Amino acid sequence: MPVSLNMNMAMPSWFDIIGLSPDSQEDEVGIKQAAENVKALIDQEVKNGIPSNRIILGGFSQGGALSLYTALTTQQKLAGVVALSCWLPLRASFPQAPISGVNKEIAVLQCHGDCDPLVPLMFGSLTVEKLKSMINPANITFRTYSGMMHSSCIEEMMDVKQFIDKHLPPVD
(Lines give C-alpha, C1' and ligand atoms only; values in the text may rest on other atoms or scores of the structure.)
Protein backbone atom coordinates (compact mmCIF):
# COMPACT_ATOMS: atom_id res chain seq x y z
CA MET A 1 0.00 0.00 0.00
CA PRO A 2 1.20 3.60 -0.42
CA VAL A 3 2.75 4.93 2.79
CA SER A 4 2.77 8.69 3.42
CA LEU A 5 6.10 8.60 5.24
CA ASN A 6 7.62 6.76 2.25
CA MET A 7 6.75 9.61 -0.17
CA ASN A 8 3.50 7.73 -0.91
CA MET A 9 5.43 4.89 -2.50
CA ALA A 10 4.01 1.42 -2.00
CA MET A 11 5.59 -0.86 0.60
CA PRO A 12 4.41 -3.76 2.76
CA SER A 13 2.35 -2.14 5.47
CA TRP A 14 -0.58 -2.89 7.77
CA PHE A 15 -1.70 0.77 7.74
CA ASP A 16 -0.46 4.18 6.60
CA ILE A 17 2.33 5.84 8.57
CA ILE A 18 2.06 9.60 8.46
CA GLY A 19 4.89 10.54 10.83
CA LEU A 20 7.38 9.20 13.36
CA SER A 21 6.83 11.37 16.40
CA PRO A 22 4.59 10.68 19.42
CA ASP A 23 2.18 13.43 18.35
CA SER A 24 2.03 12.51 14.64
CA GLN A 25 -1.38 12.06 13.09
CA GLU A 26 -2.34 8.38 12.86
CA ASP A 27 -4.30 6.43 10.25
CA GLU A 28 -7.20 5.59 12.57
CA VAL A 29 -9.35 4.02 9.84
CA GLY A 30 -6.44 1.92 8.55
CA ILE A 31 -5.38 0.79 12.05
CA LYS A 32 -8.92 -0.24 12.97
CA GLN A 33 -9.39 -2.08 9.65
CA ALA A 34 -6.08 -3.91 10.08
CA ALA A 35 -7.13 -4.92 13.62
CA GLU A 36 -10.43 -6.26 12.24
CA ASN A 37 -8.44 -8.30 9.71
CA VAL A 38 -6.34 -9.82 12.53
CA LYS A 39 -9.50 -10.49 14.59
CA ALA A 40 -10.93 -12.34 11.56
CA LEU A 41 -7.76 -14.48 11.47
CA ILE A 42 -8.21 -15.24 15.18
CA ASP A 43 -11.86 -16.18 14.57
CA GLN A 44 -10.78 -18.52 11.75
CA GLU A 45 -8.22 -20.24 13.99
CA VAL A 46 -10.89 -20.69 16.68
CA LYS A 47 -13.22 -22.23 14.06
CA ASN A 48 -10.33 -24.54 13.14
CA GLY A 49 -10.21 -25.80 16.74
CA ILE A 50 -7.50 -23.61 18.31
CA PRO A 51 -8.82 -22.08 21.55
CA SER A 52 -8.25 -18.32 21.55
CA ASN A 53 -6.43 -18.58 24.89
CA ARG A 54 -3.76 -20.60 23.01
CA ILE A 55 -3.10 -17.75 20.56
CA ILE A 56 -0.27 -15.26 21.01
CA LEU A 57 -0.28 -12.21 18.76
CA GLY A 58 3.10 -10.84 17.84
CA GLY A 59 4.95 -8.65 15.45
CA PHE A 60 7.80 -6.32 14.70
CA SER A 61 7.39 -2.55 14.26
CA GLN A 62 3.94 -1.99 12.69
CA GLY A 63 3.11 -5.66 13.29
CA GLY A 64 3.90 -5.31 16.98
CA ALA A 65 1.88 -2.11 17.19
CA LEU A 66 -1.07 -3.82 15.54
CA SER A 67 -0.72 -6.83 17.85
CA LEU A 68 -0.96 -4.61 20.93
CA TYR A 69 -3.92 -2.65 19.57
CA THR A 70 -5.76 -5.81 18.52
CA ALA A 71 -5.22 -7.57 21.86
CA LEU A 72 -6.59 -4.57 23.74
CA THR A 73 -9.69 -4.28 21.54
CA THR A 74 -10.68 -7.89 20.78
CA GLN A 75 -13.40 -9.82 22.58
CA GLN A 76 -11.34 -13.03 22.29
CA LYS A 77 -9.26 -13.97 25.34
CA LEU A 78 -5.66 -14.38 24.13
CA ALA A 79 -2.59 -16.04 25.63
CA GLY A 80 -0.31 -13.05 25.14
CA VAL A 81 1.37 -10.47 22.95
CA VAL A 82 4.94 -10.23 21.69
CA ALA A 83 5.58 -6.60 20.72
CA LEU A 84 8.98 -5.94 19.16
CA SER A 85 10.36 -2.45 18.41
CA CYS A 86 6.91 -0.88 18.37
CA TRP A 87 4.41 1.47 19.95
CA LEU A 88 0.72 1.47 20.93
CA PRO A 89 -1.26 3.03 18.09
CA LEU A 90 -4.15 5.34 18.89
CA ARG A 91 -2.96 5.37 22.51
CA ALA A 92 -4.98 8.51 23.29
CA SER A 93 -8.17 6.58 22.48
CA PHE A 94 -7.59 4.27 25.46
CA PRO A 95 -8.59 5.26 29.00
CA GLN A 96 -6.01 6.21 31.65
CA ALA A 97 -7.47 3.38 33.68
CA PRO A 98 -7.60 -0.39 33.62
CA ILE A 99 -9.48 -1.81 30.64
CA SER A 100 -12.53 -3.92 31.36
CA GLY A 101 -12.10 -6.31 28.43
CA VAL A 102 -11.25 -10.01 28.45
CA ASN A 103 -7.52 -9.29 28.08
CA LYS A 104 -7.01 -7.09 31.14
CA GLU A 105 -4.72 -9.84 32.55
CA ILE A 106 -2.94 -10.56 29.26
CA ALA A 107 0.78 -11.33 29.29
CA VAL A 108 2.88 -8.89 27.23
CA LEU A 109 6.52 -9.17 26.20
CA GLN A 110 7.65 -5.83 24.82
CA CYS A 111 11.19 -5.57 23.45
CA HIS A 112 13.12 -2.60 22.06
CA GLY A 113 16.63 -1.72 21.00
CA ASP A 114 18.18 1.26 22.77
CA CYS A 115 19.65 2.56 19.48
CA ASP A 116 16.51 2.30 17.32
CA PRO A 117 16.54 5.33 14.97
CA LEU A 118 13.17 4.54 13.34
CA VAL A 119 10.97 3.80 16.37
CA PRO A 120 12.96 5.41 19.19
CA LEU A 121 13.16 3.69 22.58
CA MET A 122 11.06 6.58 23.96
CA PHE A 123 8.08 5.16 22.01
CA GLY A 124 8.58 1.81 23.73
CA SER A 125 8.87 3.50 27.13
CA LEU A 126 5.70 5.55 26.58
CA THR A 127 3.91 2.39 25.47
CA VAL A 128 4.91 0.30 28.47
CA GLU A 129 3.81 3.07 30.84
CA LYS A 130 0.43 3.31 29.09
CA LEU A 131 0.05 -0.48 29.18
CA LYS A 132 0.79 -0.53 32.93
CA SER A 133 -2.19 1.79 33.47
CA MET A 134 -4.48 -0.46 31.41
CA ILE A 135 -3.59 -4.08 32.18
CA ASN A 136 -2.05 -5.87 35.14
CA PRO A 137 1.51 -4.44 35.36
CA ALA A 138 2.75 -7.75 36.81
CA ASN A 139 2.02 -9.36 33.42
CA ILE A 140 4.12 -6.90 31.40
CA THR A 141 7.78 -7.56 30.65
CA PHE A 142 9.77 -4.75 29.00
CA ARG A 143 13.23 -5.65 27.72
CA THR A 144 15.78 -3.39 26.09
CA TYR A 145 18.83 -4.49 24.15
CA SER A 146 22.05 -2.51 24.20
CA GLY A 147 23.25 -1.35 20.79
CA MET A 148 20.27 -2.81 18.92
CA MET A 149 18.79 -0.66 16.18
CA HIS A 150 15.44 -1.25 14.39
CA SER A 151 16.18 -4.94 14.14
CA SER A 152 16.44 -8.06 16.26
CA CYS A 153 19.13 -10.02 18.05
CA ILE A 154 19.69 -13.53 19.41
CA GLU A 155 19.05 -12.41 23.01
CA GLU A 156 15.68 -10.94 22.00
CA MET A 157 14.69 -14.11 20.15
CA MET A 158 15.63 -16.19 23.21
CA ASP A 159 13.39 -13.93 25.33
CA VAL A 160 10.56 -14.47 22.81
CA LYS A 161 11.08 -18.25 22.94
CA GLN A 162 10.96 -18.25 26.76
CA PHE A 163 7.78 -16.13 26.71
CA ILE A 164 6.08 -18.50 24.26
CA ASP A 165 7.22 -21.56 26.20
CA LYS A 166 5.82 -20.07 29.42
CA HIS A 167 2.47 -18.88 28.04
CA LEU A 168 1.80 -21.73 25.61
CA PRO A 169 2.77 -24.88 27.50
CA PRO A 170 2.49 -28.14 25.56
CA VAL A 171 -0.98 -29.65 25.34
CA ASP A 172 -1.20 -33.25 26.54
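Which condition number in (1) modelled with pLDDT of 95 or more; (2) closer than 22 Å to residue 28 by Cα is the one that residue 106 fails?
Failed condition: (2).
Is it true that residue 42 is surrounded by 18 or more Cβ atoms within 10 Å (Cβ to Cβ), farther than 26 Å from residue 151 by Cβ and more than 14 Å from the chain's Cα centre (by Cα)?
Yes: the conditions hold for residue 42.
Scan segment 75-115 residue by residue and report those that are of a type outside the set (A, V, I, L, M) and in a helix (DSSP H, G or I).
Result: 91, 93.
Using beta carbons and a limit of 7 Å, which pairs, at least six apart or on different chains, have the first residue in segment 7-18 and under 18 Å from residue 38 (Cα atoms) and of a type in the set (A, V, I, L, M, F, W, C) and the second one at pLDDT 85 or above and part of a loop (DSSP other than H, G, I, E, B)?
Qualifying pairs under 7 Å: 15/27.
Just to be sure before I move on: is residue 152 of a type in the set (Gly, Ala, Ser) and in contact (Cβ under 8 Å) with a residue 40 or more places away in the chain in the structure I sent? Spell out how you get there, then give the answer.
Numbers: of a type in the set (Gly, Ala, Ser): yes; in contact (Cβ under 8 Å) with a residue 40 or more places away in the chain: yes.
For residue 152, the condition - of a type in the set (Gly, Ala, Ser) and in contact (Cβ under 8 Å) with a residue 40 or more places away in the chain - is met.
Looking at (1) surrounded by 24 or more Cβ atoms within 10 Å (Cβ to Cβ); (2) of a type outside the set (A, V, I, L, M); (3) under 14 Å from residue 134 (Cβ atoms), which is the only condition residue 86 fails?
Going through the list (1) surrounded by 24 or more Cβ atoms within 10 Å (Cβ to Cβ); (2) of a type outside the set (A, V, I, L, M); (3) under 14 Å from residue 134 (Cβ atoms), residue 86 breaks only (3).
Please state which one of 118, 126 is touching a Pro at 6+ places or on another chain (Cβ under 7 Å), open to solvent by 50 Å² or more (accessible area, probe 1.4 Å) and not in a strand (DSSP E or B).
Just a single option satisfies the conditions, and that option is 126.
Being in a helix (DSSP H, G or I) and either acidic (Asp, Glu) or in contact with a His (Cβ under 6 Å, 6 or more places away or on another chain) (or both) narrows it down to one residue among 23, 43; which is it?
Going through 23, 43 in turn, just one is in a helix (DSSP H, G or I) and either acidic (Asp, Glu) or in contact with a His (Cβ under 6 Å, 6 or more places away or on another chain) (or both): 43.
Inspect all residues belonging to segment 84-98 and state whether any of them is under 23 Å from residue 166 (Cβ atoms) and among the charged types (D, E, K, R).
Within segment 84-98, none of the residues are under 23 Å from residue 166 (Cβ atoms) and among the charged types (D, E, K, R).
The values are calculated or read from the model by the stated rules, or taken from the named source; none is laboratory data. Predicted model only: the values in this text are computed from it and were never measured. Cβ: placed from backbone, ideal geometry, glycine included. Neighbour counts: every protein chain shown. What goes into the accessible areas is simple: the full protein's heavy atoms, side chains included, and nothing from ligands, DNA or RNA. Shrake-Rupley method; radii C 1.70, N 1.55, O 1.52, S 1.80 Å.
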